[in-house]
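What follows is a short report on a single structure.
Every number here is computed from the coordinates shown, using simple stated rules; none is lab data. Note that the coordinates shown come from a computational prediction; the quantities given were computed from them, not determined experimentally. A quick note on method: Cβ atoms are made from the backbone with ideal geometry, for glycine too, and the neighbour counts reach across all protein chains shown.
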Ligand code: C5P
């Protein structure tokens with residue numbers, strides 16, 4: 001049998017990372033946070049003092065990226081968020097990262113979270129979740145996360161940045177963020193992390 005791949009897509013700060021990680025542990029599957037790949041590429045471009053929208057530079061950095069880049073501790077935060085989203089809109093960057101993601105999933109199966117796992121990376125995945133929540137609630141969660149890390153942030157600004165990034169991710173011409181036709185949409189606006197996980201596990205089990 002083919003190794004099982006579960007796609008978990010959705011907008012920023014919808015809680016899909018936490019949820020995907022827990023599903024992977026429960027089902028004994030590897031977990032891959034595909035956003036990290038774009039974050040690492042964006043960081044490499046910023047390190048060179050260049051513009052993440054530069055297609056030539058961004059493609060070169062995507063091809064040069066290593067596993068070590070994924071372990072960097074500076075991949076989260078407003079600058080890394082926007083740099084990731086900028087390089088992610090470049091077709092050559094996505095192409096450079098595609099095989100790597102497919103290899104990962106094909107080897108032992110995986111729970112993968114991102115924006116285009118169910119639509120582009122593994123369109124044949126038998127289980128696809130699109131995890132979402134209202135923008136205000138997602139902003140509140142991201143803000144609380146920043147607080148917990150000791151990073152002072154303004155809630156309205158966090159919301160504005162989330163909305164700008166989602167608009168860019170959903171509006172790009174290559175692999176735009178959207179639910180696959182056969183994805184189950186899970187709206188977690190009114191759910192805490194525990195309830196969201198329980199709902200996701202039920203959906204997954206119903207499809208296994
Ligand atoms: O999921 P995360 O917020 O870490 O992703 C950072 C950025 O990487 C997203 O805003 C998006 O532009 C890009 N991304 C993507 N496709 C994926 C995962 C992330 O375009 N599968």
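Calculated [222 nm] ellipticity per residue, helices only, for the chain: -17500 deg cm²/dmol; basis is -39500 (n - 2.57) per DSSP H run with n ≥ 4, divided by all residues, nearest 500. Compute the relative contact order of the chain as a whole-number percentage, counting only Cα pairs closer than 8 Å that sit 6 or more residues apart in sequence. The value is 33 percent.
Taking other C-beta atoms within 10 Å as the exposure proxy, 73, 66 rank 73, 66 from fewest upward.
One decimal place: the segment residue 154-residue 185 gains 8.2 nm when fully extended, by the rule 0.36 nm per residue minus the C-alpha distance. Put in order of Cβ neighbour count within 10 Å, fewest first, the listed residues 87, 120, 151 become 151, 120, 87. Exposure proxy ranking for 37, 191, based on other Cβ atoms within 10 angstrom of each Cβ and starting from the fewest, stands as 191, 37. What FRET efficiency comes out for residue 47 versus residue 95 if R0 is 22 angstrom and r is the Cβ-Cβ distance? Round to the nearest 0.05. Result of the calculation: an efficiency of 0.50. Placing dummy labels 7 Å off each Cα toward the beta-carbon, the span from residue 21 to residue 79 is 2.4 nm.
Rounded to whole Å, give me the distance from the Cα center of the range 12-65 to that of the range 134-194. Between the Cα centres of the range 12-65 and the range 134-194 lies a distance of 16 Å.
Using a simple spin-label model with pseudo-atoms 7 Å out from Cα toward Cβ, residue 192 and residue 28 lie 3.1 nm apart. I need the shape label for the range 1-153. Rule: rounded when a/c is under 1.5, else prolate if a/b > b/c, else oblate, with a, b, c from the alpha carbon gyration tensor. Since a/c reaches 1.5 but b/c is at least a/b, the shape of the range 1-153 is classed as oblate.
Projecting label points 7 angstrom from Cα along Cα→Cβ for residue 168 and residue 55 puts them 1.7 nm apart.
Provide the packing ranking of 12-20, 134-142, 169-177, i.e. peptides ordered by the mean count of other C-beta atoms within 10 Å per residue, highest first. Intermediate values should be presented prior to the final figure.
Numbers: 12-20: 23.6, 134-142: 18.4, 169-177: 15.4.
Those peptides, ordered most packed to least, come out 12-20, 134-142, 169-177.
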